[in-house]
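Enquirer: If you scroll down you'll find the structure; I have some questions about it.
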Amino acid sequence: MTAPAVLEETAAESAGSLTVIKARHPGRWIAGAVVAVLLAMAVNALVTNPAWDWPVVGAYLFHPSVLHAVLFTVELTALGIVLGFLLGTVLALMRLSRVPLLASAAWGYVWLFRSVPLILQLLFWYNLAALYKQISFGVPFGPAFFSVGSMDLIGPVTAAALGLALHQAAYAAEIVRGGFLSVDPGQLEAAAALGIPRARQIFRIQLPQAMRSIVPAAGNEIIGLVKGTSVVYIMALPELFYQVQVIYNRNGRVIAMLLVAAIWYLVLTTVLSAAQYYVERRFGRGLARALPPTPVQRVRRILTVRRAARRQRPAGDGGGRR
Amino acid sequence: MSAPMVDVRGVHKSYGPLEVLRGVDLRVQPGEVTVIIGPSGSGKSTLLRSINHLEKIDRGYVAIDGEFVGYRRSGDRLHELRERDILRRRTQIGFVFQNFHLFPHLTVRENVTEAPISAQRRPRDEVEALATELLEQVGLSDKAGAYPRQLSGGQQQRVAIARALALRPKVVLFDEPTSALDPELVGEVLEVMKALARSGTTMIVVTHEIGFAREVADTVVFMDAGQIIEQGPPGLVLDRPRHDRTRAFLSKVL
């Protein structure tokens, strides 16, 4: 050990009031400056190039036909996700059941609907009437009570919603199953030891804990589906992507109209991401010692700290400046 | 002798080729505390788990207060009950796990009230009042609104005891209740269990706490290799064991 300098005790040291100077980080400042310049260039390129056609974007962003298309996209997404996750949950429970036939049937479903591309599945549903002209309700393999034409029962909108939901169910089944598997088996054992009925074990004990891993994955799926609905344009349904194509085929402003669609997809995704954050917090209860603050709480906390610091400074002993 | 509260007869249990219980007989009288000791792997926990049918036994039977657990008898045959009926009978048996297994997404109070309301269908008012009383009894009245992860291990285990008692069980089974705890937290859990024993609760406790066995147990049972080697009052089994295996085990843990 060679540190004789330490032995010289200064006045400040003996008073126990050595001042701490924070380390400098020039590298961070340079990296920050580079990124700031790149961002400025990107914004400049977007704003100043007239080819982006911003006035046209503005004119069509809230055009009634675009708004209708946005609404239809939201409807398709909601139908696909709600029906998809309902069926997916049933499939996941089948897959986890002790009845082999149920488990294999669920496996088979996931295998089939995950393997065939969504666009193909949609076209199959769209053309269902060509395969089965009539759909009958009655005793299996026995007499039918009544029949309807496939065309009447499954129009293009139903075909699209059905296609999206059935496809989504296969993915949802795996997400829900993964969620159930992530719950500590001891939880189920404790529930069984307490005599809690089976259905209650699933929905009161297992599912809420499974939700913690289901929600982030489901958020991904919902956001994926918002954009995934754009494939139904092949069925000539007026969702967002199809609608902007119709408009730019008429007015020729391709880039501007694609921008309109992109902005709306961004808006929808932003809303969903924010919603996901709060849903995750809801299911995080009890699973961490304290919940992380929401962005609003965070901003409020920073402001109170700043205000408190400002109030203290004049009253302090001015130690920082010595 | 009066009818036993817990009657275990000729119980055998194998996991594949490994026989973990090899003909176990055990009787526990109402209000008695039985402490099971023995080396790890001797079948203590499996026996405890067989008593409330968390493990299915291969041969023999277990009866609680004269009622078979998991089976219905007709003549010489035992018919296995359906899950719903097994779950209903289990509510007569409290079980405290080594690792607590509290429900982390429910508050302490909800952990305690869940089973009496959903499994026993008792009125909510009565169960809420009982929960308040039980949490006071285990010294955690101020934690009713907390979540389990916000508590220490000792506090969590005391909640787990309150949760088991909320069923108003005929017998409470403890599976190494202090083994997962930091040493300084063991005492608070043992105190709760001692108070419970004094109040006349029928208890079967698997533990390595020989001091607890000496102080509280009416009967100490020594198990080794899937069998009960000897049983009797703590003064006999712990101080003047008759078997070499008991002596060997005690010399290691004392």
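The values are calculated or read from the model by the stated rules, or taken from the named source; none is laboratory data. All values derive from a computational prediction rather than experimental measurement. Reconstructed Cβ throughout: ideal geometry from the backbone, glycine too, with neighbour counts over all protein chains shown. All accessible areas refer to the heavy atoms of the entire protein, side chains included, with ligands and DNA or RNA removed. Shrake-Rupley method; radii C 1.70, N 1.55, O 1.52, S 1.80 Å.
Quick grid of which residues meet (1) modelled with pLDDT under 95; (2) farther than 26 Å from A:Phe203 by Cα; (3) open to solvent by 20 Å² or more (accessible area, probe 1.4 Å):
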| site | (1), (2), (3) |
| --- | --- |
| B:Phe68 | yes, yes, yes |
| B:Gly75 | yes, yes, yes |
| B:Thr91 | yes, no, no |
| B:Thr113 | no, no, no |
| B:Pro116 | no, no, no |
| B:Pro123 | no, no, yes |
| B:Glu136 | no, yes, yes |
| B:Gln157 | no, no, no |
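Enquirer: On the given criteria, is A:Ala165 away from chain B (no Cβ under 14 Å), touching a residue at least 12 places away in the same chain (Cβ under 8 Å) and surrounded by 13 or more Cβ atoms within 10 Å (Cβ to Cβ)?
Expert: Criteria met by A:Ala165.
Enquirer: Still on this structure: Confirm whether B:Gln156 is more than 9 Å from chain A (Cβ to nearest Cβ) and outside any loop (DSSP other than H, G, I, E, B).
Expert: In short, yes.
Enquirer: Also, I was wondering about something else. Just give me the residues in the range B:100-111 being more than 20 Å from the chain's Cα centre (by Cα) and either open to solvent by 10 Å² or more (accessible area, probe 1.4 Å) or not hydrophobic (A, V, I, L, M, F, W, C) (or both), in sequence order.
Expert: Scanning the range B:100-111 gives B:Pro104, B:His105, B:Thr107, B:Arg109, B:Glu110.
Enquirer: Something else now. Suppose the filter is more than 25 Å from the chain's Cα centre (by Cα) and either part of a helix (DSSP H, G or I) or touching a residue at least 60 places away in the same chain (Cβ under 8 Å) (or both); does A:Ala192 pass it?
Expert: Against the criterion (more than 25 Å from the chain's Cα centre (by Cα) and either part of a helix (DSSP H, G or I) or touching a residue at least 60 places away in the same chain (Cβ under 8 Å) (or both)), A:Ala192 qualifies.
Enquirer: Which pairs have Cβ atoms under 8 Å, sit 6 or more apart or on different chains, and link a residue in the range B:84-104 that is more than 30 Å from B:Leu185 (Cα to Cα) to one that is among the acidic types (Asp, Glu) and open to solvent by 20 Å² or more (accessible area, probe 1.4 Å)?
Expert: From residues that are more than 30 Å from B:Leu185 (Cα to Cα), the pairs are B:Arg89/B:Glu67.
Enquirer: Where residues in the range A:182-203 are within 7 Å of chain B (Cβ to nearest Cβ) and not aliphatic (A, V, I, L, M), which of them is nearest to A:Leu96 (Cα to Cα)?
Expert: Of everything passing the filter in the range A:182-203, A:Arg198 is nearest to A:Leu96 (Cα to Cα).
Enquirer: Something else about it: What strands (runs of 3 or more DSSP E) completely inside the range B:176-254 contain at least 3 residues that are among the β-branched types (Val, Ile, Thr) and modelled with pLDDT of 95 or more?
Expert: Once the strands (runs of 3 or more DSSP E) in the range B:176-254 are filtered for at least 3 residues that are among the β-branched types (Val, Ile, Thr) and modelled with pLDDT of 95 or more, what remains is B:203-206, B:219-224.
Enquirer: Please work out which one of (1) more than 26 Å from B:Leu181 (Cα to Cα); (2) free of Cβ contacts under 8 Å to residues at least 40 places away in the same chain is the condition B:Glu110 fails and give its number.
Expert: Checking B:Glu110 against (1) more than 26 Å from B:Leu181 (Cα to Cα); (2) free of Cβ contacts under 8 Å to residues at least 40 places away in the same chain, the one that fails is (1).
Enquirer: Can you tell me which residue is least open to solvent (accessible area, probe 1.4 Å) among those in the range B:3-20 that are within 17 Å of the chain's Cα centre (by Cα) and in contact (Cβ under 8 Å) with a residue 60 or more places away in the chain?
Expert: Ranking the candidates gives B:Val6 first.
Enquirer: Before we move on, is A:Ile247 in contact with a Gly (Cβ under 6 Å, 6 or more places away or on another chain) and aliphatic (A, V, I, L, M)?
Expert: No: the conditions fail for A:Ile247.
Enquirer: Next question, about the same structure. Please work out which residue is farthest from the other protein chains (Cβ to nearest Cβ), limiting yourself to the range B:47-79 and to residues that are in contact (Cβ under 8 Å) with a residue 60 or more places away in the chain and of a type in the set (Val, Ile, Thr).
Expert: B:Ile64
Enquirer: Turning to a different aspect of this structure: Given the conditions (1) aromatic (Phe, Trp, Tyr); (2) closer than 30 Å to A:Val267 by Cα; (3) touching a residue at least 60 places away in the same chain (Cβ under 8 Å), report the number of the one that A:Phe180 does not fulfil.
Expert: (2)
Enquirer: Within the set of pairs 6 or more residues apart or between chains, which connect a residue that is closer than 14 Å to A:Leu120 by Cα inside the range A:220-243 to a residue that is among the small types (Gly, Ala, Ser) with Cβ atoms less than 7 Å apart?
Expert: Between residues of the range A:220-243 that are closer than 14 Å to A:Leu120 by Cα and residues that are among the small types (Gly, Ala, Ser), the close pairs are A:Val232/A:Ala160; A:Met235/A:Ala159; A:Met235/A:Ala160.
Enquirer: Which of the residues spanning the range B:80-132 are outside any loop (DSSP other than H, G, I, E, B), more than 10 Å from chain A (Cβ to nearest Cβ) and within 16 Å of B:His53 (Cβ to Cβ)?
Expert: Within the range B:80-132, B:Glu80, B:Asp85 qualify.
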